[in-house]
Amino acid sequence: MRPIYPFSAIVGQDEMKLALLASAVDPSIGGVLVFGDRGTGKSTAVRALAVLLPAMKTVVGCRYHCAPGSNGAMCSECHERANQGRLKTQLVPVPVVDLPLGATEDRVVGALDLERALSQGVKAFEPGLLARANRGFLYVDEVNLLEDHLVDLLLDVAASGENVVEREGLSIRHPARFVLIGTGNPEEGELRPQLLDRFGLSVEVKTPTELELRVEVVRRRDQFERDPPVFIEKWKAADDALRRDVVAAKARLNAVEVPDAARERAAKLCMSLGTDGLRGELTLVRAARALAALDKKSRVEDTHLRRAAPSALRHRLRRDPLDEAGSTIRVERATADLFGP
Amino acid sequence: MTSVTAGAGPEHDAALVACLFAVDPGGFGGVSVRSGCGPGVDRFVKLLHRLLPAGAPFRRMPLQVADGRLLGGLDLAATLQAGRPVLERGLLADADGGCLVLPMAERLPLALAARLCAVLDNKEVIVERDGFACRHATRIAVIALDEGYGDDERPPAALLDRLAFHLNFEAAHRGEVQDLPFDADQIEAARARLSAVMAGDAVLKAFCQAAAAIGVASVRAPFFATRVACVHAALAGRERVSDADAVVASRLVLAPRATMRPAPPAPEESHEDSDDRDQQQNPPENNSLNQEAGNGESDAANNGKLDDVVLESVRAAIPAHLLAQLEVPAAARRSSAASGRAGAQRQSALRGRPAGTRSGELKAGTRLNIVETLRAAAPWQKLRRQQSRSERVHVRRDDFRIKRFKHRSETATVFVVDASGSSALHRLAEAKGAVELMLADCYVRRDRVALIAFRGGAADLILPPTRSLARAKRSLCALPGGGGTPVASALDAAAALADGLRRKGFTPTIVMLTDGRANVARDGNGGREQAEADARASARMLRVAGLASLVIDISRQPHPSAEQLAADMGARYLPLPNADARTLLRAVQAVTAQTAAA
């Protein structure tokens with residue numbers, strides 16, 4: 001396994017880091033899309049997040065990492081075993097699965113296990129990437145270059161939370177709930193709006209303009225490339241602290257109160273921006289709640305809504321190319337109108 | 001043993017890059033070499049090969065390489081023989097520890113570039129194909145041979161960003177490489193010394209500052225410059241990066257990436273320094289000559305000066321042709337780009353480039369991909385033979401793999417907008433609006449849009465063909481207007497662009513927004529008569545080329561000359577007084593839809 005750049009060593013890019021952390025605290029926010037210039041450390045951040053995630057409890061031997069006790073969301077095998085008796089559980093790292101460009105459909109959805117079929121004559125299902133990503137993260141680098149038929153597939157599964165396989169004489173369905181993380185460069189093509197909408201949060205990253213920050217980025221990168229283990233060791237304490245924060249925030253999340261006033265403000269903001277559907281409001285409130293949990297607060301305050309609003313809403317605005325202002329500015333304008341400067 | 005020889009011409013740089021590259025190929029991402037094809041490039045590539053550590057793989061990647069061959073997948077022959085699935089390693093994994101040569105990199109599709117970039121970033125190939133899931137550690141360097149003409153033919157920017165060295169053999173020389181500044185032993189010694197070489201903060205800061213000054217946003221540029229400086233120091237036998245190393249690195253890595261001219265140095269500052277630092281006035285390579293190996297460490301007192309020295313060396317090294325590009329607005333330069341090149345123009349009935357296969361039913365209008373079908377069937381042969389007790393090859397319906405083609409209606413719309421005279425602003429604004437609306441709407445159809453504006457003496461390519469709304473917005477934000485009406489130049493530029501697009505497999509449509517009253521001739525001089533004659537000649541050329549086109553007159557009172565121009569072009573004529581962006585878009589879409597269907 002190649003060494004991974006520590007999350008806490010990433011210079012700047014606060015919005016991206018916060019969005020990723022928020023989605024780690026509350027997976028139901030629904031994924032993060034990171035769009036931005038070349039060389040801004042988009043994929044570095046996503047890969048670094050994997051190391052940061054706390055372990056999760058799963059059923060021993062389940063290929064879909066089912067959570068014990070979650071009746072609705074278990075695979076059929078776990079259901080059966082649960083009915084027969086108690087399930088054994090274990091702690092495993094939260095999966096962060098790469099969906100590389102050039103992956104074939106059979107590997108994404110899963111297919112018949114050739115080895116077993118040939119050697120033992122057993123018709124067994126070999127789970128694909130979607131199964132491996134269940135309850136974890138599915139990461140697509142250069143998401144705007146993903147082939148259309150794979151995008152369709154992802155859309156379908158991300159919406160239903162379930163992967164249905166009907167091929168090679170197999171008929172299998174298994175849970176596939178994952179946080180979709182995509183990165184890309186808008187200059188290489190736009191994303192289909194259906195896919196855009198599947199991402200809870202979207203972040204635009206830019207190269208830092210301050211000289212000091214840029215020097216720091218280059219310095220740390222150089223140190224890392226030179227001697228990865230030493231560099232990782234140096235940032236281990238910071239990463240550990242961050243991990244504890246995520247764990248604590250996860251535990252606190254359900255107790256964080258969302259006052260009616262906050263919901264009302266979120267709704268007002270979405271109305272004034274004219275976002276389609278309710279997904280924007282829902283995501284905004286959830287993201288604000290995750291931020292409040294990370295802030296160790298017991299209730300959602302205006303600052304959380306304000307901080308969450310750009311990421312939660314900027315990709316949901318009705319596209320009006322004739323409006324010169326970018327969507328980020330439109331969201332900021334609307335928040336300033338609502339919350340005051 | 002001088003570390004750097006004088007006379008840092010392009011020939012010298014090529015030799016120097018070869019030495020630097022040889023020390024740590026995988027650490028640099030690679031080299032891009034822009035040149036016409038010829039013996040020079042071949043010699044350079046051979047040189048790179050020769051300098052690599054013994055036994056390092058050196059592979060060539062054809063542009064049309066399939067995913068299976070590139071990334072790895074099922075090995076058909078071995079699978080059939082063994083009766084069980086056998087994995088074949090791909091080209092990328094095979095090149096681990098060595099180089100991948102990429103001929104015709106300017107034609108590299110974005111999707112392929114993205115696969116290369118992923119490997120350069122992650123240093124591993126992730127295979128999720130044909131029932132295999134595995135990872136191969138892959139540390140490679142890419143040698144991209146860029147044989148593009150003109151400025152629109154370049155390797156994908158995402159790839160270039162990840163290659164440390166950008167060489168240009170085009171203008172100055174044909175790639176004759178001079179004597180190497182370092183010998184094989186020095187390179188070997190540098191490999192051993194490299195990990196101990198450090199660059200001071202002053203050097204990092206100077207690189208970042210210089211990169212910002214020449215408009216390079218990506219952090220990879222200063223990072224690569226740091227790597228190059230370290231390697232250069234290692235070659236010279238130093239353990240700490242000296243100013244001389246920094247100067248060389250900034251010249252090699254930063255200068256070729258310049259997107260803007262650095263602001264001239266603040267006069268008072270450079271004045272203060274000039275006493276104790278005469279060399280600064282000299283060209284930077286001489287400066288580096290004066291520094292003895294091992295004693296050129298940059299101490300803290302020198303910090304401010306190092307920034308200037310580095311920036312100065314970058315300024316001096318920005319290639320002349322790049323400077324010219326930075327001066328000339330976007331592309332009046334492209335007119336000569338595509339003339340007289342022959343090539344495969346169109347493919348047969350099922351047009352479009354093959355884009356992989358997928359499993360599916362054999363229906364009318366689909367084509368079976370026999371090899372992929374066999375590949376799918378291969379692992380099962382042993383089992384199926386046992387079941388049916390016959391020795392035939394068993395192919396079942398589940399095995400069918402259907403060829404997929406890229407959308408055959410991939411269209412490209414070239415807007416040619418009259419930005420001259422009084423109505424320019426209005427016309428430009430609406431055309432701009434139409435372009436953006438079109439792009440906002442085109443994710444499904446994957447259309448491309450380009451915009452040429454003509455005014456004064458020439459036609460400029462404001463927006464090269466793109467489907468990125470972000471890019472369009474950036475290019476279109478400042479469009480000048482006013483001046484004469486060079487219709488002929490505009491038509492020529494449009495024809496050249498459309499021709500190039502057609503070669504790339506698009507269906508181009510030219511949409512011209514003008515009142516048709518030409519008053520600037522092709523040679524840039526005024527004179528209505530000559531201008532109109534030239535315009536008509538160019539218009540007829542367009543008709544001969546068989547390009548679908550549309551002339552829209554959006555002036556208040558449509559003028560017969562626009563209709564005449566349309567007739568000459570063989571274009572549809574559409575007077576649309578007071579048209580706004582949306583009306584324009586509808587008109588254009590009606591025409592492109594017909595063209596695509598034709």
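The values are calculated or read from the model by the stated rules, or taken from the named source; none is laboratory data. Every value quoted in this text rests on a predicted model; they were computed, and no experiment measured them. Note: ideal-geometry Cβ built from the backbone for every residue, glycine included; neighbour counts use all protein chains shown.
Applying the selection to the stretch B:84-111, what residues are within 14 Å of A:Leu145 (Cβ to Cβ) and more than 9 Å from every other protein chain (Cβ to nearest Cβ)?
So the first thing to find is which residues in the stretch B:84-111 are within 14 Å of A:Leu145 (Cβ to Cβ), and the list is B:108-111.
Within the stretch B:84-111, B:Leu108, B:Pro109 meet the criteria.
Quick check: is even one residue across the stretch B:520-528 part of a helix (DSSP H, G or I), without any contact (Cβ under 8 Å) to a residue 40 or more places away in the chain, over 30 Å from A:Arg316 (Cβ atoms) and more than 24 Å from the chain's Cα centre (by Cα)? Write out each step before concluding.
The initial filter retains those residues of the stretch B:520-528 that are part of a helix (DSSP H, G or I), namely B:528.
When the remaining residues are screened for being without any contact (Cβ under 8 Å) to a residue 40 or more places away in the chain, the result is B:528.
Next cut, over 30 Å from A:Arg316 (Cβ atoms) only: B:528.
Narrowing further to those that are more than 24 Å from the chain's Cα centre (by Cα): B:528.
Scanning the stretch B:520-528 turns up at least one residue that is part of a helix (DSSP H, G or I), without any contact (Cβ under 8 Å) to a residue 40 or more places away in the chain, over 30 Å from A:Arg316 (Cβ atoms) and more than 24 Å from the chain's Cα centre (by Cα).
Residues checked against (1) touching a strand residue (DSSP E or B) at 6+ places or on another chain (Cβ under 8 Å); (2) not in a helix (DSSP H, G or I):
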residue: A:Pro100; (1), (2): yes, yes
residue: A:Asp106; (1), (2): yes, no
residue: A:Ala159; (1), (2): no, no
residue: A:His174; (1), (2): yes, yes
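Is it the case, given these coordinates, that A:Ser28 is among the hydroxyl-bearing types (Ser, Thr, Tyr), modelled with pLDDT of 85 or more and surrounded by fewer than 18 Cβ atoms within 10 Å (Cβ to Cβ)? Break it down stepwise before answering.
Working: among the hydroxyl-bearing types (Ser, Thr, Tyr): yes; modelled with pLDDT of 85 or more: yes; surrounded by fewer than 18 Cβ atoms within 10 Å (Cβ to Cβ): yes.
Criteria met by A:Ser28.
Of all residues in the stretch B:528-548, those that are within 23 Å of B:Thr411 (Cα to Cα) and in contact with a Pro (Cβ under 9 Å, 6 or more places away or on another chain) total 2. Of the set (1) within 14 Å of the chain's Cα centre (by Cα); (2) facing chain A (nearest Cβ under 8 Å), all apply to B:Arg129 but (1).
This table checks each residue for (1) touching a helix residue (DSSP H, G or I) at 6+ places or on another chain (Cβ under 7 Å); (2) more than 30 Å from B:Pro109 (Cβ to Cβ); (3) among the β-branched types (Val, Ile, Thr); (4) surrounded by fewer than 20 Cβ atoms within 10 Å (Cβ to Cβ).
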position: B:Gly482; (1), (2), (3), (4): yes, yes, no, yes
position: B:Pro486; (1), (2), (3), (4): no, yes, no, no
position: B:Ile510; (1), (2), (3), (4): yes, no, yes, no
position: B:Leu513; (1), (2), (3), (4): yes, yes, no, no
position: B:Asn525; (1), (2), (3), (4): no, yes, no, yes
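One residue alone among A:Asn163, A:Asn144 is free of Cβ contacts under 8 Å to residues at least 60 places away in the same chain, touching a Gly at 6+ places or on another chain (Cβ under 9 Å) and within 21 Å of A:Leu191 (Cα to Cα), and that residue is A:Asn144.
When each of B:Leu92, B:Leu87, B:Leu100, B:Leu70 is tested for being within 25 Å of A:Leu99 (Cβ to Cβ) and touching a Lys or Arg at 6+ places or on another chain (Cβ under 6 Å), the lone residue that passes is B:Leu100.
Condition check ((1) within 30 Å of B:Ser359 (Cβ to Cβ); (2) at pLDDT 75 or above; (3) buried (at least 17 other Cβ atoms within 10 Å of the Cβ)) across all residues:
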site	(1), (2), (3)
B:Arg401	yes, yes, yes
B:Ala412	no, yes, yes
B:Ala424	no, no, yes
B:Gly457	no, yes, no
B:Pro464	no, yes, yes
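Give the number of residues within the stretch B:51-81 that are among the β-branched types (Val, Ile, Thr) and in contact with a strand residue (DSSP E or B) (Cβ under 8 Å, 6 or more places away or on another chain). Outline the logic, then answer.
Just the residues of the stretch B:51-81 that are among the β-branched types (Val, Ile, Thr), to begin with: B:65, B:79.
The next check asks that each one be in contact with a strand residue (DSSP E or B) (Cβ under 8 Å, 6 or more places away or on another chain); those that pass are none.
Residues in the stretch B:51-81 being among the β-branched types (Val, Ile, Thr) and in contact with a strand residue (DSSP E or B) (Cβ under 8 Å, 6 or more places away or on another chain): 0 in total.
Among the residues of this structure, A:Asp197 counts as one that is among the charged types (D, E, K, R), touching a helix residue (DSSP H, G or I) at 6+ places or on another chain (Cβ under 8 Å), part of a helix (DSSP H, G or I) and within 30 Å of A:Ala334 (Cα to Cα). Does A:Arg173 meet the test of being more than 14 Å from every other protein chain (Cβ to nearest Cβ), within 22 Å of the chain's Cα centre (by Cα) and not hydrophobic (A, V, I, L, M, F, W, C)? No, not satisfied.
For the stretch A:9-44, the set of residues classified as touching a helix residue (DSSP H, G or I) at 6+ places or on another chain (Cβ under 6 Å), within 14 Å of chain B (Cβ to nearest Cβ) and of a type in the set (D, E, K, R) consists of A:Arg38 only.
Which is buried (at least 18 other Cβ atoms within 10 Å of the Cβ), within 18 Å of A:Lys17 (Cα to Cα) and among the hydrophobic types (A, V, I, L, M, F, W, C), of A:Ala241, A:Ala237, A:Ala249, A:Ala176? The unique qualifying residue is A:Ala249. The criterion of being in contact with a helix residue (DSSP H, G or I) (Cβ under 9 Å, 6 or more places away or on another chain) and under 30 Å from B:Phe400 (Cα atoms) holds for A:Ala111. Suppose the filter is more than 14 Å from chain B (Cβ to nearest Cβ) and either under 22 Å from the mean Cα position of the chain (by Cα) or assigned to a helix (DSSP H, G or I) (or both); does A:Glu281 pass it? Yes, satisfied. Among residues of the stretch A:233-259 that are in a strand (DSSP E or B) and at pLDDT 90 or above, those with a beta-carbon under 6 Å from a residue that is of a type in the set (D, E, K, R) and loosely packed, with under 15 Cβ neighbours inside 10 Å at least six positions away or on a different chain give the pairs A:Glu257/A:Arg299.
In the set (1) within 11 Å of another protein chain (Cβ to nearest Cβ); (2) touching a residue at least 24 places away in the same chain (Cβ under 8 Å); (3) buried (at least 19 other Cβ atoms within 10 Å of the Cβ); (4) not β-branched (Val, Ile, Thr), A:Cys66 fails one condition alone, (1).
Please work out if B:Gly98 is closer than 30 Å to B:Asp399 by Cα, among the small types (Gly, Ala, Ser) and in contact (Cβ under 8 Å) with a residue 24 or more places away in the chain. Give the derivation first.
Values: closer than 30 Å to B:Asp399 by Cα: no; among the small types (Gly, Ala, Ser): yes; in contact (Cβ under 8 Å) with a residue 24 or more places away in the chain: yes.
Answer is no for this residue.
Looking at A:Glu105, A:Glu80, can you tell me which residue is within 14 Å of chain B (Cβ to nearest Cβ) and not aliphatic (A, V, I, L, M)? Full working, then the answer.
Values: A:Glu80 fails: within 14 Å of chain B (Cβ to nearest Cβ).
Answer to the check: A:Glu105.
Number of residues in the stretch A:163-194 that are under 23 Å from A:Gly41 (Cα atoms), at pLDDT 80 or above and of a type outside the set (S, T, N, Q): the value is 6. Scanning the stretch A:83-98 for residues that are in a strand (DSSP E or B), more than 14 Å from chain B (Cβ to nearest Cβ) and under 22 Å from the mean Cα position of the chain (by Cα) turns up A:Leu91, A:Val92. Looking at the stretch A:55-87 only, could you name the residues that are among the charged types (D, E, K, R) and either at pLDDT 85 or above or touching a Leu at 6+ places or on another chain (Cβ under 8 Å) (or both)? The answer is A:Lys57, A:Arg63, A:Arg81. Taking the stretch B:42-73, which residues are aliphatic (A, V, I, L, M) and touching a Leu at 6+ places or on another chain (Cβ under 7 Å)? Answer for the stretch B:42-73, where residues must be aliphatic (A, V, I, L, M) and touching a Leu at 6+ places or on another chain (Cβ under 7 Å): B:Met61, B:Leu63, B:Val65, B:Leu70, B:Leu71. In this structure, is A:Lys42 within 18 Å of the chain's Cα centre (by Cα) and charged (D, E, K, R)? So A:Lys42 fits the description; yes. Here A:Lys57 fulfils each of the conditions (1) over 16 Å from the mean Cα position of the chain (by Cα); (2) within 14 Å of chain B (Cβ to nearest Cβ); (3) over 27 Å from B:Cys134 (Cβ atoms) apart from (2).
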